[in-house]
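Working notes, structure below.
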Amino acid sequence: MKNIYTLITGAGRGIGEEIAMEFYKKGHSLYLLIHKKKDLIRLRMLFDPKRVKLFLGDINDQKFRRLISKKIPYINNLINNAATTNKKFFLDVTLKDIDKVLNTNFRSSFILTQIFTKKMIKKKIKGCVINIGSQLGIIGAYNRSIYCCSKFALEGLTKSSSLDLAKFGIRVVGINPTKTLVSDKEAKSQKKRLKIIRDKIPLKKFSTKKEIAEITYFLTTKSANSITGTSLNVDGGWTVGK
Ligand SMILES: NC(=O)c1ccc[n+]([C@@H]2O[C@H](COP(=O)([O-])OP(=O)(O)OC[C@H]3O[C@@H](n4cnc5c(N)ncnc54)[C@H](OP(=O)(O)O)[C@@H]3O)[C@@H](O)[C@H]2O)c1
């Protein structure tokens with residue numbers, strides 16, 4: 001099999017790590033962007049270093065983005081997954097919060113997409129960009145104003161960049177999960193809160209890391225070759241209506 005290179009941001013834990021595992025099992029060569037050293041050390045043990053290169057850094061740091069742009073010659077797939085959250089009441093959101101959430105969840109994805117689609121175009125690679133958004137990029141939520149804004153912006157990036165990149169055969173697709181359990185700690189310590197959320201989801205279930213990872217992989221395959229500029233709401237019906 002010809003080497004297929006996939007870059008995943010926020011791959012150190014949660015959904016990003018599961019996506020990395022899925023693409024690894026499917027035989028891809030990976031570039032994984034990791035934020036914390038402890039995750040880098042843990043992930044080193046899971047993957048064959050010949051097929052998986054790990055980069056430790058902050059995607060909001062221009063020097064780090066320059067470094068990975070220099071070290072990674074080209075890729076076939078970019079998975080913009082890294083994100084941060086903010087649960088403040090609207091009036092309490094600070095300028096610092098706005099910068100942090102927009103930079104991490106939107107601006108860095110915009111810039112990384114520019115960097116790596118430029119390389120795809122140069123090498124005539126009909127690649128794929130997957131933006132991991134959220135159901136909160138489709139509808140609002142209490143105490144999530146800046147997080148929602150960042151995910152609405154990502155939705156805009158998916159649509160608008162897909163138009164500009166279509167002539168190069170590059171597809172851009174979004175995935176919008178509902179609540180997805182990523183830590184055992186949360187599952188154990190927040191049972192009451194999680195039940196309230198689950199009861200609001202029409203299908204009465206959370207999305208799972210495995211589902212998101214498998215859907216992400218599917219969207220990069222030939223079967224999805226006609227899908228671009230749209231997002232898949234993997235939300236158990238959350239955004240359908242009330
Ligand atoms: N889990 C859910 O319920 C849910 C629901 C809807 C959508 N989503 C979306 O799904 C994606 C993955 O979510 P998740 O729950 O797996 O998130 P997570 O467990 O919080 O993981 C996010 C990853 O991104 C990294 N990251 C954050 N800021 C970064 C930065 N400045 N530079 C580099 N890496 C950075 C984090 O590093 P640190 O470990 O240092 O924080 C972490 O490894 C996100 O886009 C999220 O918005 C999640």
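Each reported figure results from applying straightforward, stated rules to the coordinates on display, with no laboratory input. As the structure is a computational prediction, the values presented were derived from the model and not from experiment. Using ideal geometry, Cβ is built from the backbone for each residue, glycine included, and neighbour counts are taken over all protein chains shown.
Residues checked against (1) among the small types (Gly, Ala, Ser); (2) surrounded by 12 or more Cβ atoms within 10 Å (Cβ to Cβ):
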| site | (1), (2) |
| --- | --- |
| Gly57 | yes, yes |
| Ser69 | yes, yes |
| Leu78 | no, yes |
| Ala82 | yes, yes |
| Asn86 | no, yes |
| Phe89 | no, no |
| Thr117 | no, yes |
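Look through the range 209-242, keep the residues that are touching a helix residue (DSSP H, G or I) at 6+ places or on another chain (Cβ under 6 Å) and over 16 Å from Ile130 (Cβ atoms), and return whichever of them is surrounded by the most Cβ atoms within 10 Å (Cβ to Cβ). So, considering only residues that are touching a helix residue (DSSP H, G or I) at 6+ places or on another chain (Cβ under 6 Å) and over 16 Å from Ile130 (Cβ atoms), the one surrounded by the most Cβ atoms within 10 Å (Cβ to Cβ) is Trp238. Among the residues making up the range 12-30, those that are more than 7 Å from the ligand (Cβ to nearest atom), under 16 Å from Asn80 (Cβ atoms) and touching a strand residue (DSSP E or B) at 6+ places or on another chain (Cβ under 8 Å) are Ile19, Ala20, Phe23, Leu30.
Residue-level check: of (1) under 30 Å from Lys242 (Cβ atoms); (2) part of a helix (DSSP H, G or I); (3) of a type in the set (S, T, N, Q), Asn131 misses just (2).
When residues in the range 5-46 are screened for being closer than 22 Å to Glu214 by Cα, among the hydrophobic types (A, V, I, L, M, F, W, C) and surrounded by fewer than 17 Cβ atoms within 10 Å (Cβ to Cβ), 1 of them pass.
Listed here are the residues, each with its yes/no results for (1) closer than 25 Å to Cys148 by Cα; (2) touching a residue at least 60 places away in the same chain (Cβ under 8 Å).
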site	(1), (2)
Asp58	yes, no
Lys70	no, no
Ile75	no, yes
Phe89	yes, no
Asp92	yes, no
Asp97	yes, no
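Pairing residues of the range 37-53 that are free of Cβ contacts under 8 Å to residues at least 24 places away in the same chain with residues that are surrounded by fewer than 16 Cβ atoms within 10 Å (Cβ to Cβ) and among the charged types (D, E, K, R), at Cβ distances under 6 Å and at least 6 apart in sequence or on separate chains, gives no pairs at all.
Name the one entry in Leu33, Leu54 that is touching a strand residue (DSSP E or B) at 6+ places or on another chain (Cβ under 8 Å) and within 11 Å of the ligand (Cβ to nearest atom).
Working: Leu54 fails: within 11 Å of the ligand (Cβ to nearest atom).
Going through Leu33, Leu54 in turn, just one is touching a strand residue (DSSP E or B) at 6+ places or on another chain (Cβ under 8 Å) and within 11 Å of the ligand (Cβ to nearest atom): Leu33.
Gly140 satisfies every condition listed in (1) small (Gly, Ala, Ser); (2) within 11 Å of the ligand (Cβ to nearest atom); (3) in a loop (DSSP other than H, G, I, E, B) except (2). On the stretch given as the range 230-242, residues that are of a type in the set (D, E, K, R) and either under 25 Å from Gly127 (Cβ atoms) or part of a helix (DSSP H, G or I) (or both) total 0.
For the range 143-169, a residue qualifies if it is in a loop (DSSP other than H, G, I, E, B) and either within 11 Å of the ligand (Cβ to nearest atom) or surrounded by 23 or more Cβ atoms within 10 Å (Cβ to Cβ) (or both), and exactly one does: Arg144.
Just checking, how many residues over the range 1-49 are of a type in the set (S, T, N, Q) and under 21 Å from Ser134 (Cα atoms)?
Restricting attention to the range 1-49, the residues satisfying the condition of being of a type in the set (S, T, N, Q) are 3, 6, 9, 29.
Keeping just the survivors that are under 21 Å from Ser134 (Cα atoms) gives 9.
Within the range 1-49, residues that are of a type in the set (S, T, N, Q) and under 21 Å from Ser134 (Cα atoms) number 1.
Among the residues making up the range 230-242, those that are more than 12 Å from the ligand (Cβ to nearest atom) and either among the basic types (Lys, Arg) or more than 19 Å from the chain's Cα centre (by Cα) (or both) are Gly237, Val240, Gly241, Lys242. For the range 196-208, check the following and say yes or no: at least one residue is under 25 Å from Asn76 (Cβ atoms), in contact with a Ser or Thr (Cβ under 9 Å, 6 or more places away or on another chain) and either surrounded by fewer than 20 Cβ atoms within 10 Å (Cβ to Cβ) or among the charged types (D, E, K, R) (or both). Checking the range 196-208: not a single residue is under 25 Å from Asn76 (Cβ atoms), in contact with a Ser or Thr (Cβ under 9 Å, 6 or more places away or on another chain) and either surrounded by fewer than 20 Cβ atoms within 10 Å (Cβ to Cβ) or among the charged types (D, E, K, R) (or both). Does Thr104 qualify as being among the hydroxyl-bearing types (Ser, Thr, Tyr), farther than 15 Å from Cys149 by Cβ and within 16 Å of the ligand (Cβ to nearest atom)? Considered against the rule, which asks whether it is among the hydroxyl-bearing types (Ser, Thr, Tyr), farther than 15 Å from Cys149 by Cβ and within 16 Å of the ligand (Cβ to nearest atom), Thr104 comes out as no.
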